[in-house]
Amino acid sequence: MDPDPSSPYSKELEIACLAVQRAALLIKTIIAAVDKGAMDKSDNTPVTIADFAAQALIISAIHHAFPADSFVGEESAATLRQDPQLLERVWELVSSTRLDGDDDAADSEALLTSPPTREAMLDIIDLGGKGDGRSSSSGRMWVLDPVDGTATFMRGQQYAVCLALIEDGKQKLGVLGCPNLRIDSTTGQVVREDVVDREGYGLMLSAVAGQGAFLRPLGRGGLAPAQRIPARLRDVDMDLRDLRFVDCRAAKSTDFDKHGALAAQFGAPWPPDTDLWSSQMRYVAIAVGGCNALIKIPRRKSYRSSLWDHAGGMLIAEEVGCTITDLDGNPIDCGLGRTLAGAYGMVVAPEKVHSRVLSAARALINEEGGFHQCTPYTHENNKTYI
């Protein structure tokens with residue numbers, strides 16, 4: 001069942017879903033070029049092109065529909081302005097990617113737009129890259145991550161195309177396109193890096209605040225029908241031993257050992273069945289049902305996550321029944337800049353048990369003497385990950 005088209009934010013949701021679907025289609029084109037040997041994956045060129053081109057297409061569509069809104073995106077166009085060859089490769093993809101493949105494609109594409117020139121494309125990318133994370137005069141700000149999970153993206157594993165609408169610091173809409181996501185009932189809906197959709201285009205999750213979360217197949221043209229994701233974690237007073245955490249063993253900014261100690265206190269399974277590199281895919285995993293909680297204890301108390309690694313995904317998790325706070329018990333404010341500046345760590349858990357998980361996490365941190373000192377993990381493409 002699709003969301004009611006007369007409900008608040010229905011236009012924003014339609015444009016956002018179409019924009020993410022078109023960007024996901026572009027990224028699939030890049031992966032196909034890598035698979036055919038037409039693009040060298042060893043120098044991260046595919047990642048770079050995907051990031052720039054997808055950001056250009058998404059912001060172009062949203063800015064056309066909602067010109068008063070501001071943006072925050074991970075990329076700026078500085079590199080493209082200095083590299084004419086890379087600029088041409090990005091422009092070729094941006095100028096040629098269109099929704100197609102079904103009777104609704106032309107109407108869907110007409111709702112979007114594309115940059116008319118190379119210079120316009122650079123300026124559109126910079127709307128995100130130079131965004132300061134503060135809402136515009138309209139009070140609205142769109143946050144995007146063209147490819148969340150670049151390392152796994154290049155390995156043919158899970159990644160997400162992410163878009164969220166923030167209004168006065170609060171999430172109002174979230175859309176996550178997951179081109180490799182395949183839900184396999186034989187694994188109890190557990191999301192795994194290497195269980196991927198090889199026949200289709202993956203799945204899209206979306207949510208509007210107070211209206212629930214939805215799941216639909218990604219495609220090449222108009223939007224496929226959506227199904228409501230049950231709010232299975234709302235009003236469920238579970239035993240803490242029934243918590244199923246999602247985590248990332250490879251993340252260097254968080255304390256995996258403390259996470260494990262907390263799970264041990266609860267009698268919950270550890271290490272977790274769901275281990276995902278992409279931050280946003282962890283929210284997807286909670287929404288589709290293979291896990292139900294996430295803890296984030298930083299190694300450094302000063303560490304703050306990038307806004308685009310969480311905006312939108314948090315909303316989807318909330319709409320299936322999770323409560324989300326930082327480790328001080330404060331709500332997450334998404335209007336404080338390009339990071340979650342006010343949020344020290346994070347607890348994501350079903351509403352009825354969140355306070356118990358939070359209390360146990362705080363006690364554990366105090367008992368074990370706080371935080372290790374470390375530097376954030378930097379991948380070979382010079383991006384810092386959580």
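Report the charge-dipole magnitude of the chain in Debye, nearest 20, computed about the Cα centre from +1 at each Lys and Arg Cβ and -1 at each Asp and Glu Cβ.
740 debye
Excluding residue 56 itself, calculate the net charge of residues whose Cβ lies under 13 Å from the Cβ of residue 56, where each Lys or Arg counts +1 and each Asp or Glu counts -1.
-4
Positive end of the dipole of region 10-228, charges at C-beta (+1 Lys, Arg; -1 Asp, Glu), about the Cα centre: which of 82, 54, 159 has its Cα farthest in that direction?
Final value for the positive-end residue is 159.
Suppose each label sits 7 Å from its Cα in the direction of the beta carbon; what would the residue 120-residue 86 distance come out to in nanometres?
Here the answer is 2.4 nm between the modelled labels.
Under 10 Å, Cα contacts only: if you run a Gaussian network model on the chain, which one of 183, 286, 295 comes out with the highest mean-square fluctuation?
Fluctuation is largest for 183.
Ignoring ligands, DNA and RNA, what percent of the accessible area of region 10-228 is carbon or sulfur (1.4 Å)?
47 percent
Mean separation of Cα pairs under 8 Å and 6+ residues apart, divided by the residue count of the chain: what relative contact order is that in percent?
16 percent
Per DSSP H run of at least 4 residues, take -39500 (n - 2.57); add these up for the chain, divide by its residues and hand me the 222 nm value, nearest 500 deg cm²/dmol.
-10500 deg cm²/dmol
Give, in nm to one decimal, the length gained when the segment between residue 300 and residue 196 is fully stretched (0.36 nm per residue of separation minus the Cα-Cα distance).
34.0 nm
With every protein chain left in place, what is the accessible area per residue of the chain in square angstrom, probe 1.4 Å?
39 Å²
Treating the beta-carbon of each Lys and Arg as +1 and of each Asp and Glu as -1, no other charges, what is the dipole magnitude of region 240-368 about its Cα centre, to the nearest 20 debye?
My answer is approximately 280 debye.
Take the Cα of residue 134, step 7 Å along the line toward its Cβ, and report every residue of region 148-180 whose backbone nitrogen sits under 15 Å from that point.
168-169
I want to verify a result. In a Gaussian network model of the chain, Cα cutoff 10 Å, which of these has the top mean-square fluctuation: 307, 181, 93?
Of the options given, 93 has the highest mean-square fluctuation.
Sorted by mean Cβ packing within 10 Å, highest first, what order do the peptides 296-302, 165-171 take?
Per-residue Cβ counts within 10 Å, averaged per peptide and sorted highest first, yield 165-171, 296-302.
With θ set to phi - 60° and the Karplus curve 6.51 cos²θ - 1.76 cosθ + 1.60, what are the ³J(HN,Hα) couplings of region 286-296 in order, to the nearest whole Hz, using x for Gly and Pro?
Those phi angles translate into 5, 5, 7, x, x, 8, 9, 7, 8, 10, 9 Hz.
Using Cα pairs under 8 angstrom and six or more residues apart, how large is the relative contact order of region 240-368, in percent?
25 percent
Restricting to region 240-368, what percent of DSSP beta bridges are antiparallel, rounded to 5?
Of those bridges, close to 75 percent are antiparallel.
Kindly express, to the nearest 10 degrees and within the range 0 to 90, the angle between helix 10-35's C-alpha long axis and the longest C-alpha principal axis of the chain.
80 degrees
Around residue 95, what is the net charge, scoring Lys/Arg as +1 and Asp/Glu as -1 over all other residues with Cβ under 14 Å from its Cβ?
0
Taking the Cα centre of the chain as the origin and placing charges on Cβ (Lys, Arg +1; Asp, Glu -1), which of 355, 99, 112 is farthest toward the positive end of the dipole?
With unit charges placed on the Cβ atoms, the residue in question is 355.
The values are calculated or read from the model by the stated rules, or taken from the named source; none is laboratory data. Remember, predicted model here, so these are calculated numbers, not experimental data. Glycine gets a Cβ as well: all are built from the backbone with ideal geometry, and neighbour counts include every protein chain shown. Side chains are part of the model used for accessible areas, which takes the heavy atoms of the whole protein and leaves out ligands, DNA and RNA. Shrake-Rupley method; radii C 1.70, N 1.55, O 1.52, S 1.80 Å.
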